[in-house]
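We did not get these values from a lab; they are worked out from the coordinates using the rules stated. Worth saying up front: this structure is predicted, and the values here are computed from it rather than measured. All Cβ positions, even for glycine, are placed from backbone atoms using ideal geometry, and neighbour counts span all protein chains on display.
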Protein chains: 2
Amino acid sequence: MNALFKALNDPTRRAILELLREQPRTAGEIADYFQFSRPTISHHLDLLRQAELVTSDKQGQFVTYTLNMTVVDELLSWLLQFKPTNESKP
Amino acid sequence: MNALFKALNDPTRRAILELLREQPRTAGEIADYFQFSRPTISHHLDLLRQAELVTSDKQGQFVTYTLNMTVVDELLSWLLQFKPTNESKP
DNA sequence: AAGTTATTTAGATATTTGTCTAAATAACTA
DNA sequence: TAGTTATTTAGACAAATATCTAAATAACTT
C-alpha cells in the first residue's frame with residue numbers, strides 16, 4: 001500500500017499511467033513523451049513496477065511496459081470505506 | 001490533485017483519516033493516538049487540510065478536525081478511468 | 001494578573017526524492 | 001568483430017519531507 005501511494009505521488013508517473021492506458025509502450029516510447037532524461041523515466045518506471053502498477057516485458061532490446069490495474073482495486077476499496085453510504089456513482 | 005496524492009502518501013496521515021472516519025476529534029485527541037510529538041501531528045493535520053481531506057473548527061482552545069471526503073470523488077473517478085469495464089463494485 | 005492547557009509556528013536536521021551525467025549491459029547490424 | 005541502439009545502473013546533488021525541540025499564541029481558570 002505504501003509503494004502504491006508513493007508511486008502515485010508524482011505527476012510524471014501519473015502521466016505515464018495515463019499514457020499506458022491506451023496501449024503498452026516501450027521505455028523509449030514512454031520517454032519520448034517527456035522532457036526528462038531516459039534514466040529519469042527509467043527510474044519512474046521502476047517505481048511504478050515496484051508498486052505493481054505496471055509490468056515489464058523484455059523483447060529483444062526493447063522493454064515493453066503494460067498497465068496492471070489489479071492493484072488499484074485495493075486502493076479503491078480503501079477509499080470507498082470513507083464514503084458513508086452508496087449514494088455515489090454518477 | 002497534487003496536494004491530495006501528497007497528503008495520502010504517508011501512513012500516519014492515512015491513519016489519521018481512518019481515525020476520523022469514526023468521528024471528529026480534536027488535535028490533542030488525534031495526537032494521543034500516535035507516538036509522534038504534537039507539532040508533528042499538527043503538521044500532518046495541516047497537510048490533510050491543504051488537501052481538503054479534513055476541515056478544522058476552533059471551539060475555544062480546542063481545534064476539532066472533521067473528515068471531508070468530497071474531494072475523494074475526484075480521486076475515485078481518476079482511478080476508475082483505468083478500470084476497463086464496470087465489472088467492479090463489490 | 002498569573003498560571004495552566006491546547007495548539008501552532010519557527011527553526012534545525014537527517015532522510016528521501018527527483019533529476020542529471022557518465023558508465024555499464026544487452027541486443028541487434030553490418 | 002566493431003559499431004550502433006535500447007535500457008538500466010551508479011553516483012552526485014539540490015529540493016522536498018518528516019521529525020524534533022523551543023518558543024509563540026490563544027483560551028481558560030483561579
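Scanning for something more than 9 Å from chain B (Cβ to nearest Cβ), within 14 Å of DNA strand D (Cβ to nearest atom) and either touching a residue at least 24 places away in the same chain (Cβ under 8 Å) or buried (at least 18 other Cβ atoms within 10 Å of the Cβ) (or both), does the range A:69-82 turn up at least one residue?
No, the conditions are met nowhere in the range A:69-82.
Pick from the range A:38-63 the residues that are farther than 22 Å from B:Leu79 by Cα and basic (Lys, Arg): which of them is surrounded by the fewest Cβ atoms within 10 Å (Cβ to Cβ)?
So, considering only residues that are farther than 22 Å from B:Leu79 by Cα and basic (Lys, Arg), the one surrounded by the fewest Cβ atoms within 10 Å (Cβ to Cβ) is A:Lys58.
Which of the following residues is within 7 Å of DNA strand C (Cβ to nearest atom), within 12 Å of chain B (Cβ to nearest Cβ) and of a type outside the set (Asp, Glu): A:Thr40, A:Thr12? Before you say what the answer is, go through the steps one by one.
Numbers: A:Thr40 fails: within 12 Å of chain B (Cβ to nearest Cβ).
Answer to the selection: A:Thr12.
(1) closer than 16 Å to A:Val72 by Cβ; (2) surrounded by fewer than 15 Cβ atoms within 10 Å (Cβ to Cβ): which one isn't true of A:Phe5, the others all being true?
Failing condition for A:Phe5: (2).
Taking only the range B:15-37 into account, find how many residues are outside any loop (DSSP other than H, G, I, E, B), exposed (fewer than 14 other Cβ atoms within 10 Å of the Cβ) and away from chain A (no Cβ under 12 Å).
Residues meeting the conditions: 2.
Just the residues that are within 14 Å of the chain's Cα centre (by Cα), without any contact (Cβ under 8 Å) to a residue 12 or more places away in the chain and closer than 23 Å to A:Pro84 by Cβ, please, taken from the range B:14-48.
B:Arg14, B:Glu18, B:Glu22, B:Gln23
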